[in-house]
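Just so you know, all these numbers are worked out from the coordinates, no wet-lab data involved. It should be emphasised that the depicted structure is a prediction, and the values quoted were computed from it without experimental measurement. No Cβ is skipped: glycine too gets one built from the backbone with ideal geometry, and neighbour counts run over all protein chains shown.
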Amino acid sequence: MLNRRVFLGAAGGAALAQTRPYDLLIRGGEVRDPGRNFRARADVGILDGRIAAIDPAIPAERGRDVIDARGLYVTPGLIDLHTHCFWGGSAIGVETDPLAARSGVTTWVDAGSFGYDTFHGFKRFIVEPSKVRVFAYVYLYPDLRNPTVEAIGYVRAMLPRTAETIIRNRDVLLGVKIQVGANMNGRYSLDFLKIARELGDKYNTPVMVHVSEAPPEIPDVLALLRRGDILTHAYNGHTLGLVDQQGKLRPGVLEARRRGVWFDLGHGLASFSFDVARRCLEAGLVIDSISTDLHTNNRNGPVYDLPTTMSKLLYLGMSFDDVLLRATANPARVVGRVEGLGSLRVGGPADVALLALEEGEFQLTDSHRKAVTVKQKIVSRGTICRGRRVVTPV
């Protein structure tokens, strides 16, 4: 057991001095913050949208609203680094708040559901009214609706306006998104990625790259990525993958990791394979972040939500804390817009997930409809963002 002095030091400092009752008091749970290697049974007091206290025992009368968290993990709010949440603005956009209420996700990152021409609609109708935090990667170019237009010239012509949108909205926009694969941008994939690379270099803007079917080949894609860039769909079962059929990492993968390229899960409807994930893990390639690529076509399966996706990595042998790290502190580094995001510490933002590790028999399915039966599943029992409960609208 930690004595009180040691406990408060580990918790990030003593409770903030105040005499007012806490707006919200979470009692009896196990606080888990893998980003700073903190775990202890503790009560959490929230005041004015911040964590005001992490203490072994806070009397219930100190809270205006009290949550009984016995048997639950009290964790930083989950961060989903790859979603599609431009509800009403794209054909596949999901609503943030209703899904956040049941999933523990307090920070959403939209991965390229819009181009520069519709960003302001995304900001006005999604970012600003959402109870949860919302950031995004803008797609490299708006939809190419005119088939007579020369594709490469069109994308290059859109570059200045895309860059200007990013520069003026860095509070929301984290970078630029591009899809690479024969089934996505076809023969233009590598050329479009080179244009994205130009934008990234000129304007100090990270690039998120979707990978699926070759050509091009993965070494050619990775050669164009720099520190801070993200390769999403890292455990996909397609030909533009990170491991070969013998389970060996393809050329360029380790070099990319050494220079700081980020590897993201991005489950999606067709981009996560249990078999590929296992081969990558055995080869030593552990993803940096766990994300869903959640949209209307997979929210009812096989993805469902971020806790379900995290459970699949738990099944593959990762520990609860390692899984949690990749859905909290790690993606918070990528977002980089809110001090203390992805952590629970006194004075930090009161973004909290209440999670349970259920025991039983549960079926999980990958994007290739391979089903497995597992003994444990992570589920959400509550979501708090900016110090307030996120609830399903009535």
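Within region 133-149, can one find any residue that is in contact with a Pro (Cβ under 7 Å, 6 or more places away or on another chain) and within 22 Å of ASN297 (Cβ to Cβ)?
No; the residues of region 133-149 include none that is in contact with a Pro (Cβ under 7 Å, 6 or more places away or on another chain) and within 22 Å of ASN297 (Cβ to Cβ).
Please go through region 157-216 and pick out each residue that is of a type in the set (Phe, Trp, Tyr) and either touching a residue at least 40 places away in the same chain (Cβ under 8 Å) or outside any helix (DSSP H, G or I) (or both). Before the answer, list the steps.
Here is the first cut: in region 157-216, the ones of a type in the set (Phe, Trp, Tyr) are 188, 192, 203.
Within region 157-216, PHE192, TYR203 meet the criteria.
Tell me the strands (runs of 3 or more DSSP E) entirely within region 12-120 that contain at least 3 residues that are crowded, with 21+ Cβ neighbours inside 10 Å and either over 26 Å from the mean Cα position of the chain (by Cα) or not acidic (Asp, Glu) (or both). It would help to see each step written out before you state the result.
Working: elements: 24-33, 38-47, 50-55, 66-68, 73-76, 78-83, 105-111.
The strands (runs of 3 or more DSSP E) meeting that bar are 24-33, 38-47, 50-55, 73-76, 78-83, 105-111.
Yes or no: region 152-165 includes at least one residue that is among the aromatic types (Phe, Trp, Tyr), over 30 Å from GLY387 (Cβ atoms) and more than 22 Å from the chain's Cα centre (by Cα). I'd like the intermediate steps shown before the answer.
If we filter region 152-165 for residues that are among the aromatic types (Phe, Trp, Tyr), which is where we start, we get 154.
Subset that is over 30 Å from GLY387 (Cβ atoms): 154.
Subset that is more than 22 Å from the chain's Cα centre (by Cα): 154.
Yes: one or more hits.
Working carefully through the options PHE114, PHE135, find the one that is closer than 26 Å to ALA270 by Cα and either out of contact with any Leu (no Cβ under 9 Å at 6 or more places or on another chain) or among the hydroxyl-bearing types (Ser, Thr, Tyr) (or both).
Values: PHE135 fails: either out of contact with any Leu (no Cβ under 9 Å at 6 or more places or on another chain) or among the hydroxyl-bearing types (Ser, Thr, Tyr) (or both).
Answer to the check: PHE114.
Which condition does ALA136 not pass, out of (1) among the small types (Gly, Ala, Ser); (2) part of a loop (DSSP other than H, G, I, E, B); (3) in contact with a strand residue (DSSP E or B) (Cβ under 9 Å, 6 or more places away or on another chain), if it passes all the others?
So ALA136 meets the others, but not (2).
Can you name the number of the only condition in (1) touching a helix residue (DSSP H, G or I) at 6+ places or on another chain (Cβ under 7 Å); (2) on the phi < 0 side of the Ramachandran plot that ASP244 fails?
(1)
Please go through (1) under 30 Å from LEU222 (Cα atoms); (2) touching a Cys at 6+ places or on another chain (Cβ under 7 Å); (3) of a type in the set (Gly, Ala, Ser) for GLY77 and return the number of the only condition it doesn't satisfy.
If we test GLY77 against (1) under 30 Å from LEU222 (Cα atoms); (2) touching a Cys at 6+ places or on another chain (Cβ under 7 Å); (3) of a type in the set (Gly, Ala, Ser), just (1) comes out false.
Give region 252-268 a look and list any residue that's part of a helix (DSSP H, G or I), out of contact with any helix residue (DSSP H, G or I) (no Cβ under 8 Å at 6 or more places or on another chain) and among the charged types (D, E, K, R), or say none.
Initial filter on region 252-268 (part of a helix (DSSP H, G or I)): 253-258.
Next cut, out of contact with any helix residue (DSSP H, G or I) (no Cβ under 8 Å at 6 or more places or on another chain) only: 254, 257-258.
ARG257, ARG258 - these are the residues of region 252-268 that are part of a helix (DSSP H, G or I), out of contact with any helix residue (DSSP H, G or I) (no Cβ under 8 Å at 6 or more places or on another chain) and among the charged types (D, E, K, R).
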